[in-house]
Structure formats: structure tokens, C-alpha cells
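Working notes, beginning with the structure itself.
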Amino acid sequence: MPKITPDKLRPGMKLLRPVTNKGGMVLLGEGTELTAALIEKIRDMGADSIFIQGTSPPSTPKEEALSGLDRRFKSVEEKPYMDVIKKALREHIKDLYG
Amino acid sequence: MGNVAGIRDLRDKIENINALPTIPSVLKRLLEVIESPRVSLNEISNFISNDPALTTKILKMVNSPVYGFPGRISSVNQAVILLGLNVVKGLLLGVSVFELMQKTMIGLWEHSLGCAIIARLIAEKKGLKEPEEASVDGLLHDIGKVLLILRFPDKYEKAMCDTDANGISIYEAERVHYGTTHASVGSWMAQKWRFPQKLVDVIEHHHKPHLSKSAPVESAIVHLSDILVRARGFGFAGDHALMAVSPKSWQMLGLSEADLRDVLWAFEESLEMTEDLAL
Ligand SMILES: [Fe+2]
Ligand SMILES: [Fe+2]
């Protein structure tokens, strides 16, 4: 899941596992926040996959995830503060799909 | 049921769950250790260390994002010293007991793990001193469900069927079938297992956190965590009904929509690192 190919790296992503060279030497430590320059270096190295923190898009389609959310909130939507919670979840689920 | 004598009888049956032939002998020994009045850090740590599979599970958990020490704990002794007796006791119970649940309520482990993570994240956001205690609260909040299922599997199955058929929560269905709920049942056992009063209180009140006397903040945290994990569609806790948040507890926590989104995002990041915590 958190494994992506170097062409999908974007600045701001953080490494879930260290990036090592062919000899196993750590070049970038776990947790490193990627910059455009670092991404270029990683691509130059020819690594085939990189582990990054955060989620790659979930396997269920976005529409389905959002309608599932509606279904779950159906009976409690009108209750106090549940609108705030639902809104946070809705935005959050959208975030998951980038 | 529902009368006083009925509840007393139910409580007796639950408290003597250790006598059931269906309880594996490893778990029996573990429950005896947990229950013993003067159990020491050493005894707990020896008990775990003598069982390689248990040791692996415990070390995986303490090094996961469920607790606050990612990758830093290398031995059971160290875990016990860093986290303290009660946290390790709770963890030990959690990893051992939910394993029995894999057939009856698939997803309860994920639900509990999710609550543990979110509870810790909210506790950190609120600046609580011991956020890892919130993890244990979250991990064990629904332990009463496990006990009811172990003791009365057929009845629980019926209660679960009622939830979808009648559009009620498992909490309400339990009240119909048992005259009480997993919240009370869990708190009886937490008391018997000599967990701290705060944990007993959180388990008892996680669906009615405004009634909590000794742990209103912790109860509110677990209450909200439970709602968020369900709302996110993660795990399964016996029904498909979302319960409304307690207005008083929500106000007490005073979290904004942005705070919730921070917590949820940190939760997703934690999940990614938690993939191998499957039992
Ligand atoms: Fe519950
Ligand atoms: Fe729950």
C-alpha cells in the first residue's frame, strides 16, 4: 500500500522506510520529508519503489466510500454536532483519494 | 431478565468465565496472573517472556503507533518499565482475548485497535499526561462484548441479528437480551482483574460519557474515538448503527472540524504502520 514508484513522488511526502543504495547504505532516513531536489536524486538512483507515509488511494471507489458515509450517518445526522463530525469525515475521505 | 436477581446471576456467570471449558488453558493461566492481587512487574514480564508467540505480539504492539514508542522497545522488560504495570496488563489481555473473537465478531479487533489509536491521538491533542493510558482505554472499551459472546454465544448472535432487523444498536439489543450491556459487563471484569478505577469507569461509561464521575475526559475521548472509527467505516463492532455523540462530552473536548481532520489523518498514517498487527 504505501509503496509507490519514484515517478509518483511529490514534495512534502515523508519516507516510511529509509532509502538505501544497492549496497544497503542508508541515504535518506525514515521520516525524511521529500523536496523536489531529493525526489530528483531518488529518481536518478533508479530505485524501483519507495515506501512513503500516508495513504495511497483506497481500493473502494470514492463514490462508494462517500455513499457508505451517508448511509452510516443517516439516522443520527440531525443530532447535535453530528454534522460537524460528518463534515470532517467527508473531507477526510476526499483527502484519501488525493 | 433485567431484574436485580437476574443481573446478579449474569454477573456471577461472567465473573466465573474462567471455568468455561471453551477457554484455552493459556488464557486461563493468563487471567489468573492478571487477577492475582499482588502481581508484580516481574511476574508479568516473566509470564510474557516464557511464551515466544506472546512476546512477539506484545513487542509488535508496543512498537506500533498504537503506543507512543515506535520501534524503540526491544524487550518485554523494557516495555514493562516504560509503560507500567497497568498498561502492559491491559495490552496482554487485549492481544490474548480478541483472538477468540475472530469467528463471532470479525472486525472487533480492528475496531478496538482503531479506537486505541484514535484515543491516543485525541489524548495527545488535549495534552493529557499519559496518552498511552488512553490507548488501553480504547483497546479494552468493548471487552464486555467478548465476554458476552464467550459466555452466551447463541444469545449474542440473536442480539446481533436484531440490530439490522430492528434498526437498533448492539448496545440496545444487548439490553433487550441480557438486561444489561457490554459496558457494564466489561466494567465488572475490569474490576475483578484489578484494573485502575479510571479504566473501569471508562468501560462502564463509554456510551454515556457524561455520567462518568472519575474519568469524564477519558470517557469522552473513548466515546468519540468509537464514533470516529465507526464513521470512518473501519472494523466492525456488532452493528451498522452509528450512535450520536454526547453533546456534553463533545463540548468538554472542544475539538474543531480541523482538529478532527488532523486526528483522522494521523490515524491513517498510523494504520499504514499497523498492517502487521493482525492477530
Ligand atoms: Fe461499546
Ligand atoms: Fe466500540
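Each reported figure results from applying straightforward, stated rules to the coordinates on display, with no laboratory input. The structure presented is a predicted model; accordingly, all values stated were derived computationally and were not measured. For neighbour counting, all protein chains shown are included, and Cβ atoms are generated from backbone atoms with ideal geometry for every residue, glycine included.
Per residue of the stretch B:194-207, in order, report the coupling 6.51 cos²θ - 1.76 cosθ + 1.60 (Karplus, θ = phi - 60°) as ³J(HN,Hα) in whole Hz, putting x for Gly and Pro.
After applying 6.51 cos²θ - 1.76 cosθ + 1.60, I find 6, 7, x, 3, 4, 5, 4, 5, 4, 4, 4, 10, 5, 9 Hz.
Do any trypsin sites (Lys or Arg not before Pro) in the stretch B:171-246 lie in a DSSP loop with no more than 11 other beta carbon atoms within 10 Å, and if so, which?
Numbers: sites: B:Arg175, B:Lys192, B:Arg194, B:Lys198, B:Lys213, B:Arg230, B:Arg232; in loops: B:Arg194, B:Lys213, B:Arg232.
Answer by residue number: B:Lys213.
Give me, ordered by chain and number, the residues 5 or more places off B:Ile73 or on other chains with an amide H under 5 Å from its own placed amide H.
Answer set, sorted by chain and number: none.
Taking θ as phi - 60°, what are the ³J(HN,Hα) couplings along the stretch B:177-187 by the Karplus curve (6.51, -1.76, 1.60), each to the nearest whole Hz, with x for Gly and Pro?
Here the 3J(HN,Hα) series is 8, 10, x, 8, 10, 4, 5, 5, 4, x, 6 Hz.
Which aspartates and glutamates does A:Lys8 reach when only Cα atoms under 20 Å apart count, and residues fewer than 8 places away in its own chain are ignored?
Excluding near neighbours in sequence, the set is A:Glu30, A:Glu33, A:Glu40, A:Asp44, A:Asp48, A:Asp95, B:Glu268, B:Glu269, B:Glu272.
Step through the residues of the stretch B:210-218 one at a time and calculate ³J(HN,Hα) from phi using the Karplus curve (6.51 cos²θ - 1.76 cosθ + 1.60, θ = phi - 60°), rounding each to whole Hz and writing x for Gly and Pro.
Each residue of the stretch B:210-218 in turn: 5, 8, 5, 9, 8, 9, x, 5, 4 Hz.
What is the Cα radius of gyration of chain A over 2.2 N^0.38 Å, N being its residue count?
Scaled against compact globular proteins, the figure is 1.47.
Dividing the convex hull volume of the Cα atoms of the protein assembly as shown by its residue count, what figure in Å³ per residue is obtained?
150
Per residue of A:81-87, how many C-beta atoms from partner chains lie within 10 Å of its own C-beta, taken as a mean?
Average neighbour count from other chains, rounded to a whole number: 6.
Would you please name the GluC sites (Glu not before Pro) within the stretch A:40-98 that are DSSP coil residues with at most 10 other C-beta atoms within 10 Å of their C-beta?
A:Glu78
What Kirkwood hydrodynamic radius do you get for the stretch A:3-51 when you take the inverse of the mean 1/r over all pairs of distinct Cα atoms, in Å?
10.6
What are the residues whose amide H is under 5 Å from the amide H of A:Leu27, where those residues sit 5 or more places off or on another chain and H is modelled from the backbone?
Counting only residues 5 or more places away or on other chains, the set is A:Val19, A:Thr20, A:Asn21.
Three principal axis extents, largest first, for the C-alpha atoms of chain B, in Å?
If we take the Cα atoms of chain B, the spans are 48, 48, 33 Å.
Sequence neighbours fewer than 8 away in the same chain don't count; with that in mind, list the lysines whose C-alpha is under 18 Å from B:Lys192.
Within the straight-line cut-off, B:Lys192 pairs with B:Lys13, B:Lys28, B:Lys89, B:Lys145.
Can you list residues from other chains, or at least 5 along the same chain, whose modelled amide H is less than 5 Å from the amide H of B:His240?
Residues meeting the amide H criterion: none.
Quick check: the distance between the Cα centres of the stretch B:206-249 and the stretch B:30-104, to the nearest angstrom?
25
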